[in-house]
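Before any comments, here is the structure.
The values are calculated or read from the model by the stated rules, or taken from the named source; none is laboratory data. Since we're looking at a predicted model, the values are computed, not measured. No Cβ is skipped: glycine too gets one built from the backbone with ideal geometry, and neighbour counts run over all protein chains shown. Please note that ligands, DNA and RNA were not included when accessible areas were found on the heavy atoms of the full protein model with its side chains. Shrake-Rupley method; radii C 1.70, N 1.55, O 1.52, S 1.80 Å.
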Amino acid sequence: MSEAIAYERVGDIAVLKAQNPPVNALGLDVRKGLLAGIERAEEEGAKAVLIYGEGKTYFAGADIREFGKPPQEPYLPGLCNRIEASPLIVVSAMHGTALGGGLEVALSSHYRIAVPSAKMGLPEVNLGILPGAGGTQRLPRLAGTEAALEMITTGRHFGAAEALDKGIIDRIEKGDPREIGLAYVQELLEKGAPRRAVGEMPAPEAVDFDAVYEATLKKGRGQLSPATAVRAVQAAVEAESFETGLKRERALFTELMESDQRQGLIHAFFAERAVSKLPELEGVAPREVAAMGVIGGGTMGAGIATAALLAGLQVVLVEMTENAVSAARGRIEGNLQGALKRGKITQAQYDQLTGEALSVVTDYAALGQVELVVEAVFEDMGVKREVFGKLDAHCKPGAVLATNTSYLDVDEIAAATSRPQDVIGLHFFSPAHVMKLLEVVVAEKTAPEVLATGFALGKRLRKVTVRSGICDGFIGNRIMNAYRKAAEYVVLDGASPYQVDKVVTGFGFPMGPFAMGDLAGLDINWAARKRRAPTRDPRERVPRFYEMLCEGGDFGQKTGRGFYIYEEGKRGGVPNPEVADLIAKDQEQQGVAPRAFSDAEVLRRYMCAMVNEAARVVGEGIARRPLDVDMVMVFGYGFPRYWGGPLKWADLQGLDGILADIRGYAAEDEFFWQPAPLLEKLVADGRTFDDLNKSG
Ligand code: TC6
C-alpha cells in the first residue's frame, strides 16, 4: 500500500484514509493508494469502501505541483472511472474542502455524506483547466445542467447545504468524517442499498450552449477555460454515451493543459501564496493589533476603516472638523450597507460595527490605546509630517505608525517622529475594503516586527500583501507611470486614446489607461506631474495634451468630462471630441508628424514599457522577486490573472524578443526606452524571470 492512503478493515467495510498533508492533494502516491485500496477491498471480499481524509480536509484537488510535468499512472480520470465501476458500494465522507479532483473522486463514489461545514467546488477554471476527471459529465447528471454550468464556469465553492439541496450529496451529518461515514455505510449495507453510479444516470437536459459559451467568454475577458468548460458540459448532454462525453472532456482538458493561460494561472496560484513568505520574517512575531486608528475619512480612509471593521478590529478614525466626522461616518456606513445588502454581514453585525466598534472623532488623544494607525490624508509631505508629529505625541509606545502614501518617501515621513523604527508604509488600493492588494513599504529604520505586523494585518484583512522597498510610486504606481507614459507617447505620435484603451481592454485589462485616468481623477496625476517637473530629466519627452485637458477644468468622471464625456445616469463615457484638437495642438507645438499605429504595435509598446520598468523594480531590489511584481499588477492594476502577471507574460512571450523590440524603440527615444539591466542580463544568460523566482 502507499503511505499516502491507509487501509483498514472494519467488518465488511474497507476504510481508505488519505494522509497527505497539508490538503490531501491527489498526487501520484495518493492515486496509487486509492487504486490499490479499491483492488484490495474487492479481492478481500469486502462489501463496501469508505473514503475519507485525515487532518483538516478531504482531497482538496489534484496536486497542482504535478501540472506541466509528464503525467504518471494511475491517472485521475481512469482512477475515478475505476472507483465508479467497483462492484462494491463506495462512499465518500467529506469534511474541509472537497475541491476539483477531490470532488470528482466523491462524484465517482456511489454515495456522498458531508459534515455541515464542508465546502465543495470545481475550481479548475481558475487554474486555466477544466474538471478533467469526469466532473463536467457527472456534476450535471446530479445537479442539472444549469446549476453545473454555473458552478463549473465560476469555480465557486459551495457549502454542504447547497450541495444537498442540488442533489450533489446524499446526507449531512455532524461529527468526525470517519464516524459519520462508517455509520452511513453500515446503514446502506443493512438496508441493501444498490451500487449507484452517476455515470449510469441519464444525460442531463439541454440548454442554449452557444449562448452560454458566448456569455462566458465575454465575462472572462479573454480567459479561455470557463468557456471551454461549457463545451465539455455540452458533451454530457449531447454525446451518444457517457464514455464519449468523457473522451470529449479529456480532449478539451488536454487543450487547456497545454495553454499559456494554464501556466499563467498556476503561476498566480503559487505566487499569491509566496508573496508573504519572507526570509526576514522567519521567527519574527508580529505585534498584537486589536484596535486600529485611521487618520482621514475620505474615500481611502473610510475604505481602510471599513476593511478593518469587517476584520473584527476596533476602529478610531480622526478627522479635522465635525462636518468631516459626519461625512466620514456616512462613507463607512455606506460601505457597510453594501456588505449588508450582499449578505456579507447581518443587521446585528452592522449595528455593532457602526456602533461600539467604531468611533469617529476630531481629537488625536482618542488614539492613545490603538496598536496601529494608518494615515490616509492629503498626499503632501508637509501635511503628512505634521500628522506624524501628532501621532508621535499621542500614540502609545510600540504602536505601529503607518502611512498610506502612494508616492512619498516613507523615510522622510518617519523622520518626523522620534520612533522611526515603528514607521512603515501600508499602501492600500481604492476602494480599500474591496481591492485585494496591500503594498507594505519598508523604510530604512523599520523594525522587523513592525514589518511582520504589516503582513499580519494584511492577512487579517485578507489582502494579498507584498513587500516593497522605497522609490517614487513603490512597485505598482512606478510601473504604472512607465506604461502610462508609453501610452501617452503613442498618442502623441498618432494613435488615439480610444485605440489605446480598446487595445488594452482587448488584452484583458478591465480598463485602458485613459479611461482609468478619468476614473481616478486627471487632477491627481496632474499634481504628481507638477511635483516631478522640477527634477525631470531634460531628455524626457513630455506630452502636454493631458495637462491641457486639466487646464481646461476637465478632470475626468468627477467633472463629467475628461478623455471621455460622462452623461448623468449612463455607465461609461463617450469619446470627448475636443481631445483630438488638444492632441493635434500638442503635436504641432512639439513638431511631431503623426503616424498610424497598428493595434499590435500599440499593445507591444505598452507591454514592453511595463515589463522593462518591472525588470528595473526587481533589479533594484524594490520588489524581492518577479512574482511580487506580478501579484501587485494582478491584484492592484487589473492585469489579467490568466497571464500570471507582466513578468510571467514576458517569460511566455520570450525575453529576447521583448528586449529586441525595446532596443528598436530606443532608436526613436533613447531616453525612455533604455533597456533594464536585469532584462539584458537575463537574455544574455538565457534565463527567465521564473528562474529568478525559483532561486528565491
Ligand atoms: C484539479 O483538481 C484538477 C483535476 C483534474 C485532473 C484531471 N496541490 O491555500 P493554503 C498547498 S485542480 C498542491 O495556504 P488554506 C498550498 O500551495 C485543483 N498544493 O491553505 C500551500 O502550500 P505552502 C483543484 C496545494 O487553508 C498549502 O497547500 N483544487 C494544493 O488557506 C496550504 O494551502 C484547487 O484548486 C493543491 N491542490 O486553503 C484547490 N492546494 O504551505 C486549491 C493547496 O507550501 N487550494 N496546496 O504554501 C485551495 O483553494 C486552498 O489551498 C484550500 C486551503 C482551500 C484547499
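Go through the residues of region 116-124 one by one and say whether even a single one is closer than 14 Å to ALA98 by Cα, more than 11 Å from the ligand (Cβ to nearest atom), open to solvent by 10 Å² or more (accessible area, probe 1.4 Å) and more than 25 Å from the chain's Cα centre (by Cα).
Yes - at least one qualifying residue is present in region 116-124.
Here is a yes/no grid of residues against (1) surrounded by fewer than 24 Cβ atoms within 10 Å (Cβ to Cβ); (2) among the charged types (D, E, K, R):
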site	(1), (2)
GLN589	yes, no
ARG595	yes, yes
ASP599	yes, yes
CYS608	no, no
VAL611	no, no
GLU620	yes, yes
ASP669	yes, yes
PRO677	yes, no
LEU692	yes, no
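Any idea how many residues of region 358-383 are over 28 Å from ALA528 (Cα atoms) and either surrounded by fewer than 17 Cβ atoms within 10 Å (Cβ to Cβ) or of a type in the set (Lys, Arg) (or both)?
Residues flagged as over 28 Å from ALA528 (Cα atoms) and either surrounded by fewer than 17 Cβ atoms within 10 Å (Cβ to Cβ) or of a type in the set (Lys, Arg) (or both) within region 358-383 amount to 8.
If you go through region 314-334, how many residues are buried (at least 22 other Cβ atoms within 10 Å of the Cβ), touching a residue at least 40 places away in the same chain (Cβ under 8 Å) and not in a strand (DSSP E or B)?
Of the residues in that region, 1 qualify.
Out of region 252-307, which residues are closer than 29 Å to GLU449 by Cβ, part of a helix (DSSP H, G or I) and either open to solvent by less than 30 Å² (accessible area, probe 1.4 Å) or touching a helix residue (DSSP H, G or I) at 6+ places or on another chain (Cβ under 7 Å) (or both)?
Those that are closer than 29 Å to GLU449 by Cβ, part of a helix (DSSP H, G or I) and either open to solvent by less than 30 Å² (accessible area, probe 1.4 Å) or touching a helix residue (DSSP H, G or I) at 6+ places or on another chain (Cβ under 7 Å) (or both): ALA271, GLU272, ALA274, GLU280, LEU281, GLY301, ALA302, GLY303, ILE304, ALA305, THR306, ALA307.
PRO87: away from the ligand (no atom under 14 Å from the Cβ), more than 34 Å from the chain's Cα centre (by Cα) and assigned to a loop (DSSP other than H, G, I, E, B), yes or no?
yes
Do we find a residue being under 23 Å from GLU190 (Cα atoms) and either touching a Cys at 6+ places or on another chain (Cβ under 9 Å) or not β-branched (Val, Ile, Thr) (or both) anywhere in region 112-133?
Yes, region 112-133 contains at least one residue that is under 23 Å from GLU190 (Cα atoms) and either touching a Cys at 6+ places or on another chain (Cβ under 9 Å) or not β-branched (Val, Ile, Thr) (or both).
Among the candidates ALA106, ALA98, single out the residue that is in a strand (DSSP E or B), modelled with pLDDT of 95 or more and either away from the ligand (no atom under 12 Å from the Cβ) or touching a strand residue (DSSP E or B) at 6+ places or on another chain (Cβ under 9 Å) (or both).
ALA98
Filter region 307-347 for residues that are among the aliphatic types (A, V, I, L, M) and out of contact with any Gly (no Cβ under 8 Å at 6 or more places or on another chain) and give the result.
ALA307, ALA308, LEU309, LEU310, ALA311, LEU313, MET320, LEU336, ALA339, LEU340, ILE345
Taking region 142-176 as the region of interest, how many residues are touching a Leu at 6+ places or on another chain (Cβ under 8 Å), within 16 Å of the ligand (Cβ to nearest atom) and open to solvent by 50 Å² or more (accessible area, probe 1.4 Å)?
1
State whether the residues of region 45-60 include one that is within 12 Å of the ligand (Cβ to nearest atom), free of Cβ contacts under 8 Å to residues at least 60 places away in the same chain and touching a helix residue (DSSP H, G or I) at 6+ places or on another chain (Cβ under 6 Å).
The answer is yes, given that some residue of region 45-60 is within 12 Å of the ligand (Cβ to nearest atom), free of Cβ contacts under 8 Å to residues at least 60 places away in the same chain and touching a helix residue (DSSP H, G or I) at 6+ places or on another chain (Cβ under 6 Å).
Please find, among ALA650, ALA660, the residue that is surrounded by fewer than 19 Cβ atoms within 10 Å (Cβ to Cβ) and either assigned to a helix (DSSP H, G or I) or of a type in the set (D, E, K, R) (or both).
Exactly one residue qualifies, and that residue is ALA660.
Go through (1) more than 25 Å from the chain's Cα centre (by Cα); (2) touching a residue at least 24 places away in the same chain (Cβ under 8 Å); (3) near the ligand (Cβ under 10 Å from one of its atoms) for ASN20 and report which single condition fails.
Of the numbered conditions (1) more than 25 Å from the chain's Cα centre (by Cα); (2) touching a residue at least 24 places away in the same chain (Cβ under 8 Å); (3) near the ligand (Cβ under 10 Å from one of its atoms), the odd one out for ASN20 is (2).
Got at least one residue in region 436-445 being in contact with a Pro (Cβ under 6 Å, 6 or more places away or on another chain) and outside any loop (DSSP other than H, G, I, E, B)?
no
The rows are residues; the columns are (1) within 15 Å of the ligand (Cβ to nearest atom); (2) touching a residue at least 60 places away in the same chain (Cβ under 8 Å); (3) closer than 26 Å to PHE635 by Cα; (4) in contact with a Cys (Cβ under 7 Å, 6 or more places away or on another chain).
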residue: GLU243; (1), (2), (3), (4): no, no, no, no
residue: ASP260; (1), (2), (3), (4): no, yes, yes, no
residue: ALA274; (1), (2), (3), (4): yes, yes, yes, no
residue: GLU280; (1), (2), (3), (4): no, yes, yes, no
residue: VAL289; (1), (2), (3), (4): no, yes, yes, no
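Looking at region 1-17, which of the residues that are open to solvent by less than 20 Å² (accessible area, probe 1.4 Å) and touching a residue at least 60 places away in the same chain (Cβ under 8 Å) is farthest from the chain's Cα centre (by Cα)?
Result: ILE13.
Do the conditions hold for TYR566, that is, is it of a type outside the set (Val, Ile, Thr) and more than 30 Å from LEU659 (Cα to Cα)?
Considered against the rule, which asks whether it is of a type outside the set (Val, Ile, Thr) and more than 30 Å from LEU659 (Cα to Cα), TYR566 comes out as yes.
Output yes when any residue across region 441-449 is free of Cβ contacts under 8 Å to residues at least 40 places away in the same chain, surrounded by fewer than 18 Cβ atoms within 10 Å (Cβ to Cβ) and out of contact with any helix residue (DSSP H, G or I) (no Cβ under 6 Å at 6 or more places or on another chain), and no when none is.
The answer is no; no qualifying residue exists.
Taking only region 61-84 into account, find how many residues are outside any helix (DSSP H, G or I), within 11 Å of the ligand (Cβ to nearest atom), surrounded by fewer than 23 Cβ atoms within 10 Å (Cβ to Cβ) and in contact (Cβ under 8 Å) with a residue 40 or more places away in the chain.
Going through region 61-84 one residue at a time, the tally reaches 2.
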